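The values are calculated or read from the model by the stated rules, or taken from the named source; none is laboratory data. Note that this is a predicted model, so its numbers are computed, not measured. Cβ placement follows ideal geometry from the backbone for every residue including glycine, while neighbour counts extend to all protein chains displayed.
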Amino acid sequence: MSQKDMVCIVCPMSCKVSFDINPDGSITKVEGHSCPRGENYVRKEMTNPTRMLTSTIKIEGAFYDRLPVITSADIPKSKIFDVMKEINNTVVKAPVKLKDVLIENVCGLGVNIIASRSMKAVEDK
Ligand code: SF4
């Protein structure tokens, strides 16, 4: 059995959560969290860590060259580079509306890449 500490990043309180990892991989003696989300975070982080991904995607025909995007749900941490590769290989065309789906089912994860803002088309760009 080993003891481990982790900072919960679910909210700005940043609780330091301590727990034991047993030889069979189970987690016990979870302490230091101020709410149940802290324990859930630790258990998920130790088994299948996931993150929401924010980035930008190339856009043509808009005032700006890149458009802010976000995943529609959290994705496995291990897939972040694969998803970034797909985002970097994609070019969208203006106009785009907030929450438009720009890449459907990215990397087969069942998650979409969506626009996190609207962007109008401009002439002569
Ligand atoms: S344990 Fe609860 S209160 Fe503490 S950082 Fe996590 S979510 Fe916030």
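Per-structure values
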read-out: Pair list, Cβ < 6 Å and 6+ apart or interchain, from region 38-51 residues that are without any contact (Cβ under 8 Å) to a residue 12 or more places away in the chain to residues that are in a helix (DSSP H, G or I); value: none
read-out: Where a residue in region 1-27 is over 12 Å from Glu39 (Cα atoms) and outside any strand (DSSP E or B) and its partner, wherever it lies, is more than 7 Å from the ligand (Cβ to nearest atom) and of a type in the set (D, E, K, R), with Cβ under 7 Å and at least six apart; value: Met1/Asp20
read-out: Criterion: more than 16 Å from the ligand (Cβ to nearest atom), of a type in the set (D, E, K, R), more than 29 Å from Met119 (Cα to Cα) and modelled with pLDDT of 95 or more - qualifying residue of Asp82, Asp20, Asp100, Asp24; value: Asp20
read-out: Evaluation of Ser55 against (1) in a strand (DSSP E or B); (2) within 15 Å of the ligand (Cβ to nearest atom); (3) small (Gly, Ala, Ser) (one fails), failing number; value: (2)
read-out: Residue match in region 39-52 (condition: in a helix (DSSP H, G or I), of a type in the set (Lys, Arg) and touching a helix residue (DSSP H, G or I) at 6+ places or on another chain (Cβ under 7 Å)); value: no
read-out: Residues being closer than 25 Å to Met46 by Cβ and either free of Cβ contacts under 8 Å to residues at least 24 places away in the same chain or touching a Lys or Arg at 6+ places or on another chain (Cβ under 7 Å) (or both) - total across region 79-107; value: 3
read-out: Members of region 103-125 that are modelled with pLDDT of 95 or more and on the phi > 0 side of the Ramachandran plot; value: Asn105, Cys107, Gly108, Gly110
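Residues are listed down the side, and each one gets a yes or a no for (1) out of contact with any Gly (no Cβ under 8 Å at 6 or more places or on another chain); (2) surrounded by fewer than 13 Cβ atoms within 10 Å (Cβ to Cβ); (3) basic (Lys, Arg):
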{"position": "Cys11", "(1), (2), (3)": "yes, yes, no"}
{"position": "Ser18", "(1), (2), (3)": "no, no, no"}
{"position": "Glu39", "(1), (2), (3)": "yes, no, no"}
{"position": "Val91", "(1), (2), (3)": "yes, yes, no"}
{"position": "Leu102", "(1), (2), (3)": "yes, no, no"}
{"position": "Val111", "(1), (2), (3)": "yes, no, no"}
{"position": "Ala115", "(1), (2), (3)": "yes, no, no"}
